[in-house]
Amino acid sequence: ENTIIVMSGDNGYPFPRAKANLYDGGTHIPLAVAWDGVIKPQTTTDAFVELSDLAPTFLEAAGLPVPREMTARSLIPVWKGISGGAGRDRVYLEIERHAYARPGHVGYPMRAVRTKEYLYIRNFEPERWPAGDPTALSRLGIFADCDGSPSKEYVIAHPALKPASPGDETYYQLAFGKRPSEELYDLEKDPFEMNNLAGNASYTTVIANFRKELAKQMAQTGD
């Protein structure tokens, strides 16, 4: 009766273009919480939250101070419905590496802003392979930042296979190919994030705003 029970995943599902990426397949995970007397059963929320929010949440629940260094925020106001999803209309996402996938152990630094309407991704080293090098560096094999699976093997074995949706890119290119420095996806029109709009003149202002916002966030957090 005095226990917070949290169930969650730790990353997206281990398929190409999912885990170890900043697309929804790599970042959108289950989260279910029970706290008798605080959270009403059957409650759901559309507020944007992150796993890092659990640390200040547990500290607050235990009556302990939250260190100033923590950039995450307690989820207790969301759980109690005090502020609903106020101030939680986006999350900032990042990844450096998943495994030994490139010579010198270098990563593939990505940062992103995810809102209800858009996903904006910045790839800081676009000359590198996002899923790892196409040559094996260890027992993990090629494209080592993508976990081994029948799906990975099938896409590699069929490099010319194209999605049913419009576009010239193949599944192989989408999963393993090099990417531009910026990506933008309109989630209402493109919920599976297949059509990069970074080069579309109609979204120039949207991209410029996200670019500025991400730079500000990185500066504030010392990234």
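For the reader, a short list of remarks on this structure follows.
- Selection status of PRO41, part of a loop (DSSP other than H, G, I, E, B) and free of Cβ contacts under 8 Å to residues at least 24 places away in the same chain: yes
- A count restricted to the stretch 29-51 and to residues that are among the small types (Gly, Ala, Ser), open to solvent by 40 Å² or more (accessible area, probe 1.4 Å) and touching an Asp or Glu at 6+ places or on another chain (Cβ under 9 Å) stands at 1.
- When the stretch 195-223 is filtered for residues that are more than 30 Å from ARG68 (Cβ to Cβ) and small (Gly, Ala, Ser), the ones remaining, listed by number, are ALA198, GLY199, ALA201, SER202, ALA208.
- Residues (of a type outside the set (A, V, I, L, M) and open to solvent by less than 50 Å² (accessible area, probe 1.4 Å)) located in the stretch 4-28: GLY9, GLY12, PRO16, ARG17, LYS19, ASN21, TYR23, ASP24, GLY25, GLY26, THR27
The values are calculated or read from the model by the stated rules, or taken from the named source; none is laboratory data. None of the values given here were measured: they were computed from a predicted structure. All Cβ positions, glycine included, derive from the backbone under ideal geometry; neighbour counts span all protein chains shown. For accessibility, only protein heavy atoms count, side chains too; no ligands or nucleic acids. Shrake-Rupley method; radii C 1.70, N 1.55, O 1.52, S 1.80 Å.
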